[in-house]
Structures are given as structure tokens and as C-alpha cells.
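A short write-up of the structure that comes next.
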Amino acid sequence: MQTFNFDPIGIVHSPYREKFGIPRQPGLVDVASTLELLSPYNRPEAVKGLEEFSHIWISFVFHALEQVKWRPTVRPPRLGGNSRVGVFASRSTHRPNPLGLSVVALEGIEIGQHGVCLRLGAADLLDGTPVLDIKPYIPYVDSIHDARGGFAPEAPPRLEVHFLPEVAQACRRLEGHYPGLERLIREVLAQDPRPAYQAGRNELREYGVALYDLNVRFRIVQGGVEVTGVEPAPR
Ligand code: SAM
């Protein structure tokens with residue numbers, strides 16, 4: 001059987017520095033990322049007309065998997081991590097070819113001396129993600145009003161997020177450097193980034209999420225999230 005080699009055409013720059021904490025789909029956390037086109041694809045002609053579209057499809061590689069092993073069935077977080085479905089009935093990162101597909105808002109296109117950058121809204125992509133292709137989202141074909149959503153018929157429930165008073169203060173001080181930081185933390189933690197098997201446990205465990213070069217600590221309290229610390233991530 002023929003094999004294929006693909007060159008990345010671009011690379012993503014996002015606030016998500018680790019897989020843990022990244023929303024599980026695009027459109028859930030409204031934070032800006034950028035997609036920098038790489039040479040020789042970073043030519044203005046290659047994106048001519050793309051600015052007419054509000055959204056794009058991004059095909060990318062799940063490049064940061066610890067192991068690239070795949071299994072015919074997986075346990076989606078939406079099913080609590082207990083029930084199995086076929087890998088092709090899931091959006092799992094662990095698949096025979098580790099390819100991802102996200103529909104993302106296109107906020108703008110910057111063309112400069114150094115090439116072409118697309119400004120993206122609400123992506124679900126790790127910083128450094130290699131992109132294989134971009135296509136415009138075309139509503140009349142891509143939006144199907146009576147489509148069925150299988151085991152994920154609607155967006156997952158969100159958790160309430162509270163900051164310890166001293167952490168809220170620290171966050172406000174950091175806003176100058178990281179505009180929108182408090183809102184970003186709220187949005188990311190409202191998605192409950194814990195592994196599915198941890199959800200539902202009554203635990204005092206503290207977790208850390210890497211956003212920009214910060215470590216955001218939190219724990220789960222009575223169905224909500226308490227943000228317990230925000231500090232520079234250890235290098
Ligand atoms: N929307 C895409 C799809 O359906 O193909 C991705 C869905 S996948 C469930 C989203 C998760 O992939 C994120 O929460 C993050 O943990 C992981 N992820 C994102 N970028 C990645 C990368 N470059 N390498 C490995 N994992 C990544």
C-alpha cells in the first residue's frame with residue numbers, strides 16, 4: 001500500500017503550553033491563537049480570498065503524544081472515561097494516523113515582511129502544533145441543521161470558577177502582561193480539564209494548568225473550581 005509524507009504548511013502559536021487544560025474542541029474557550037504559515041507556503045497569494053470567510057478548517061498533527069499507539073476502541077471523556085466506542089466514532093488523539101481537524105474562527109490575516117499569519121479565535125491547539133492544511137468553512141455544505149451528535153449531542157456542562165482573594169489580586173497584577181488572563185483562566189477551568197476518571201471524585205488534590213508561561217493551580221470544591229495559585233511556570 002502506498003504511504004504518504006506531508007510537509008507542515010504552518011505552525012500554531014497558542015497560550016496552551018501543555019495538553020492538559022486545552023479545551024477538548026474548538027469554540028469552547030474564546031482566546032486568540034495564531035497560525036504562522038511556513039516557507040514556501042507563506043506567500044500572500046496562497047491566502048488570497050480567504051479573508052472573505054469567517055471560519056476555516058485546520059488539519060493538523062497531534063505531534064505531542066507520548067505514545068502513538070492506537071486501539072480499535074477508546075474511552076471518550078464525555079462518557080465519563082468508562083464506556084468504550086470505536087476509535088472512528090471518537091475525536092480521540094490516539095488514532096491510526098494522529099491527525100486532528102478543527103473548525104476555527106478566522107479573525108484576520110496579517111501579511112508582513114516575514115510572511116503570513118492567520119489570527120484565530122477559540123482554537124483547541126497546543127502551542128507548536130504543525131498544520132498540514134487549511135480550507136475555508138463553507139456554511140451551505142459544512143453546517144447540517146438536522147445532524148445527530150451521537151454521544152456528544154451538546155456542549156459539556158461548565159463548572160463555576162472562583163478565585164481565592166489573593167489569587168484574584170495576583171491575576172489583576174498580571175493582566176498588564178497577559179491581557180484577559182482572568183477570563184482565560186475562568187473559561188479554561190469551567191471546562192473541567194481533569195481526566196474523566198477523576199471527575200466525580202470528592203478530592204482535595206491540586207492540579208496545575210500551563211497557560212502562556214504561567215502555572216495556574218486549582219482544585220475541585222463542591223462541584224466548582226477554586227483557583228489556588230497563579231505563578232511563573234517552573235522552567
Ligand atoms: N478538534 C480536533 C479534532 O476533533 O480532531 C481535536 C480534538 S482533540 C480531542 C483536542 C485535544 O487534543 C486537546 O484537548 C489537547 O489535549 C489535544 N491536543 C491539541 N493539540 C495537540 C497536539 N499538537 N498534540 C497532541 N495533542 C494535542
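Side notes on the structure shown:
- Filtering V74, V103 for residues that are modelled with pLDDT of 95 or more, within 12 Å of the ligand (Cβ to nearest atom) and open to solvent by less than 40 Å² (accessible area, probe 1.4 Å) leaves a single hit, V74.
- Search result, residues across region 86-100 that are within 13 Å of the ligand (Cβ to nearest atom) and open to solvent by less than 90 Å² (accessible area, probe 1.4 Å): V87, A89, S90, S92, T93, H94, R95, P98, L99, G100
- Those residues of region 211-235 which are at pLDDT below 95 and among the polar types (S, T, N, Q), in sequence order: Q222
- The one condition in (1) in a strand (DSSP E or B); (2) in contact with a Gly (Cβ under 7 Å, 6 or more places away or on another chain) that I220 fails to fulfil: (2)
- Residue check: Q222 meets all listed conditions (1) at positive phi; (2) open to solvent by less than 70 Å² (accessible area, probe 1.4 Å) but one, namely (2).
- Scanning region 101-143 for residues that are among the hydroxyl-bearing types (S, T, Y) and either in a helix (DSSP H, G or I) or over 11 Å from the mean Cα position of the chain (by Cα) (or both) yields Y137, Y140, S143.
- Pairs are defined by a Cβ separation below 6 Å, a sequence spacing of at least 6 or placement on different chains, a first member in region 125-138 that is polar (S, T, N, Q), and a second member that is within 14 Å of the ligand (Cβ to nearest atom); the pairs so defined are T129/V12; T129/F60.
- Picking from residues in region 42-71 that are surrounded by 17 or more Cβ atoms within 10 Å (Cβ to Cβ) and in a loop (DSSP other than H, G, I, E, B), the one that is farthest from the ligand (Cβ to nearest atom) is N42.
- Flag for L125 being surrounded by 16 or more Cβ atoms within 10 Å (Cβ to Cβ) and within 9 Å of the ligand (Cβ to nearest atom): yes
- Number of positions in region 128-150 that are open to solvent by 30 Å² or more (accessible area, probe 1.4 Å) and within 20 Å of L38 (Cα to Cα): 5
- Among residues of region 14-39 being more than 12 Å from the ligand (Cβ to nearest atom) and not small (G, A, S), the one that is surrounded by the fewest Cβ atoms within 10 Å (Cβ to Cβ) is D30.
- Residues of region 181-203 classified as modelled with pLDDT of 95 or more and over 17 Å from the mean Cα position of the chain (by Cα), total: 1
- Pairing residues of region 157-185 that are under 22 Å from R17 (Cβ atoms) and open to solvent by less than 100 Å² (accessible area, probe 1.4 Å) with residues that are assigned to a loop (DSSP other than H, G, I, E, B) and of a type in the set (A, V, I, L, M), at Cβ distances under 6 Å and at least 6 apart in sequence or on separate chains, gives L184/V31.
- Subset tally (residues that are part of a loop (DSSP other than H, G, I, E, B), away from the ligand (no atom under 12 Å from the Cβ) and not acidic (D, E)) for region 2-13: 6
- Contact map, region 21-45: first residue β-branched (V, I, T), second residue in a loop (DSSP other than H, G, I, E, B) and open to solvent by less than 70 Å² (accessible area, probe 1.4 Å), Cβ cut-off under 7 Å, separation 6 or more or different chains; pairs are I22/D124; I22/L126; V29/P23; V29/A122; V29/Q191; V31/P15; V31/A122.
- Long-range neighbours under 7 Å by Cβ, at least six apart or interchain, first residue free of Cβ contacts under 8 Å to residues at least 24 places away in the same chain within region 51-78, second among the β-branched types (V, I, T) and open to solvent by less than 90 Å² (accessible area, probe 1.4 Å): R71/V87; P72/V87; T73/V85; T73/V87; V74/V85; V74/V87
The values are calculated or read from the model by the stated rules, or taken from the named source; none is laboratory data. Worth saying up front: this structure is predicted, and the values here are computed from it rather than measured. Quick reminder, even Gly has a Cβ in these numbers, built from the backbone with ideal geometry, and neighbours come from all protein chains shown. Only protein heavy atoms, including side chains, enter the accessible area calculation; ligands, DNA and RNA are left aside. Shrake-Rupley method; radii C 1.70, N 1.55, O 1.52, S 1.80 Å.
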